[in-house]
Amino acid sequence: MAVTKDDVLASLARVSCPDGTPLHKSGALSDVLATDGKVFFSITVDAAQVKAWETVRKQAEEVVRAMPGVTSAMVALTAERKGGGSGGGAAPQRPAPAGGAAGGPRPAPRGEASVGVPGVESIIAVASGKGGVGKSTTAVNLALGLATLGLKVGVLDADIYGPSLPKLLAIKERPQMLGGTRLKPISRYGLTVMSIGFVVDEETPMIWRGPMVISALTQMLREVEWGTLDVMVVDMPPGTGDAQLTMAQQVPLAGAVIVSTPQDIALIDARKGLNMFRKVDVPVLGIVENMSYFLCPHCGGRSEIFSHGGARLEAERLGTEFLGEVPLDLKIRETSDAGTPITVSEPGNPHALVFRQMAARIWEKVAGADAVRRAPPRIVIE
C-alpha cells in the first residue's frame, strides 16, 4: 500500500519537540510530500534553537524511514530569524543582497564555509539569468563533451522546481539507497547523475520554500555517493535567488558558464547572473550564445530569430570569454527530447563538435592546457 501524507503525520506523532509537544502539532512542519515510497518535508524553527532541534530532525527521519513502504526519507531542518513587529511572525533569514542600485551590501565571498564534495576534484556551474534559454540542454552536452576528454564526469540537476535531467537523459529508474542514509546516483552515457526528478513524479509540483530547496541541494551534494570524479557539472536553477547564491557561496566552484540567447531581454538577466558570480568570487569561464541562429532544413536559408551576436558583444563588454554559439536546430531538440543528447548520439554532427570544443576550452581554463592535450578522446554510448 502506498504511503500517504496522513500515514507520515501519524508516525510523527511519536516524535516530540524539545518542549515535549508532538512534532505533528508543533506548527514547525512544512507540507509533507509522499510519492512512490519517497518522503520529503522540512522542520522550520527559530535559528537560536537549531542545535536543540537537530535531534528531533534525526528522530523524525528515522521514524519515517522505518515505516512500511518507505524507501527513502529526506527531512530538512531550516532556520528562520524571528522578526519584529506586533505580530511576532518569523521571517526567513536571507543572504545579503548584491550591491547595486538598491544599495545593499555585497555578499560575503566564499571562505571557510565553502566545503568540497568528497571525491570531486572540480565543480563547474552552468547558469542563466532566466529560464527558457536552453541552459539544461547546454549543461548536459557540455558534460558529455567533457567525458569525451577521458574525464570522469558527474552532473547535478540543481533546478529543484524544474528538473530536466530525467527527460534529457531518458532516466526513469529511481536511485537506490545505500546503508539507509545515502543515495546511489544513476549512470547514463558514462555520466554520474543525480536529480530531484529521479525521486519525485514529473507532474508533482515542488511547492517548497527557499530554505528547504537549499537543504535539498545540500543533501544531494553531501549525501550522494558520487564516487571519484574529475569534474561535476551543476545545472543551476535560473535566476539569482537564494538557491543560486547559497550554491555559489557554500560550494567551491571552479568556475561558472553563463548561457544566454542573443536578444537584449535575455542578456539583461545573463548580466545579472554573471555579476552575482563575480560578487562571490567565482570565476566566470565564459558565455555561451544558444539559439544563435536558425538554418532552414529545406532551403538552407539563415534566420536570426532571436537576433545574433548579442552574447559575444556582452562578453567583450564585461571582459569575459565568448565560448561559442549554438544554433536553434531541429536535431538538437529531437535528440534532447529523446534522451539521447546530440553530443553522444551523433558525435559527427557539427553542433556536437561545437559542444565538444566548448567543453575542451572550459576544461583548459579549469585544469590547464596540458590536461586537455593529455586527455584521450572518449565517447560512451550505452
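Observations on the structure shown:
- The calculated FRET efficiency for the pair Q176 and E364, based on their C-beta separation and a Förster distance of 35 Å, comes to about 0.45.
- Unsatisfied cross-links (Cα-Cα over 27 Å) in the set K152/K279; K51/K152; K5/K184; K25/K51; K130/K365; K130/K184: K152/K279; K51/K152; K130/K184
- Fully extended contour minus Cα-Cα distance, from E225 to M67, at 0.36 nm per residue: 54.5 nm
- Take every DSSP beta bridge whose two residues both sit in the stretch 224-348; close to 15 percent of them are antiparallel.
- Rounded to the nearest 10 square angstrom, I265 shows an accessible area of 100 square angstrom against a 1.4 Å probe.
- Per residue value of the accessible surface for the stretch 1-75 (all protein chains in place, 1.4 Å probe), Å²: 50
- Set of the stretch 221-242 residues, backbone N closer than 13 Å to the point 7 Å along the Cα-Cβ line of L318: 239-240
The values are calculated or read from the model by the stated rules, or taken from the named source; none is laboratory data. Every value quoted in this text rests on a predicted model; they were computed, and no experiment measured them. With ideal geometry, Cβ positions are generated from the backbone for all residues, glycine too; neighbour counts draw on all protein chains shown. Protein only, heavy atoms only, side chains kept; ligands, DNA and RNA dropped before computing areas. Shrake-Rupley method; radii C 1.70, N 1.55, O 1.52, S 1.80 Å.
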